Amino acid sequence: MPTYDYTGDAAAGANPDHLFLDKFVRYKKTLKVADIIASNTTLTANGVIAAADVIQAIHVPAGFLCLGSAVKTVTAEGAALEADIGVAGGDELQDGLSLNGTAGAVTLTLVGDDWGPDNLTGYYFSANDTIDFTFSSETDAGEWILYVWGIMLD
C-alpha cells in the first residue's frame, strides 16, 4: 500500500500548527479529497485515492500522548466509504469509521482496546511520527475535518 505525505509544509519532526494550553494539545486537519489528490503527482495521475492508500495527515512530535480523535463531515463521499485512523496505516484511533455521515456530523472514537476514550490507555509517541488516514475503498470526493487530542509530555 503506497503512502502519501499530506502534512503540508512541516518537515518530519517539526511541530505542526497546534494549540498548547497547559500542555493539552489539539490538532486539526482538513482532509479534502480533491486537495489530497492534487498534492501528489501519482494521485493526480490516477485521479483517485485508492483503497488502502495511507494519507499522512498530521505530524506529531515525540512526547505526545494521544488520547482520542473525532471526524467532522463537511461533504460526504456519497458511496459506502470507511476510514481507519492510526499510525503507519493502522486503525488505533478509529477503525472502520463511516465517512458518509450528514454534513456537520461529528463521529467520536468509540473503539475497544485501542487509543479511544473508552479505555483511557492512549498512545505515547516516543519518536516523531504521523497520524495517518486510510480509506477502505477508492475515492475521488468528500471532505472531512480530523481532530486529534492529547497531552504533550516533557
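The values are calculated or read from the model by the stated rules, or taken from the named source; none is laboratory data. Given the structure is predicted, the values throughout are model-derived calculations rather than measurements. All Cβ positions, glycine included, derive from the backbone under ideal geometry; neighbour counts span all protein chains shown.
Listed values, structure above:
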read-out: The stretch 69-83, subset surrounded by fewer than 18 Cβ atoms within 10 Å (Cβ to Cβ) and of a type in the set (V, I, T), residue farthest from W149 (Cα to Cα); value: T75
read-out: Conditions (1) touching a strand residue (DSSP E or B) at 6+ places or on another chain (Cβ under 6 Å); (2) more than 17 Å from I36 (Cα to Cα); (3) at pLDDT 80 or above: number failed by N128; value: (1)
read-out: Residue satisfying condition, being surrounded by 20 or more Cβ atoms within 10 Å (Cβ to Cβ) and modelled with pLDDT under 85, within set L21, L110, L120, L99; value: L99
read-out: Selected residue (only one of A83, A51 is touching a strand residue (DSSP E or B) at 6+ places or on another chain (Cβ under 6 Å), modelled with pLDDT of 85 or more and either outside any strand (DSSP E or B) or of a type in the set (G, A, S) (or both)); value: A83
read-out: Residue check, K72 modelled with pLDDT of 90 or more, among the basic types (K, R) and not in a loop (DSSP other than H, G, I, E, B); value: no
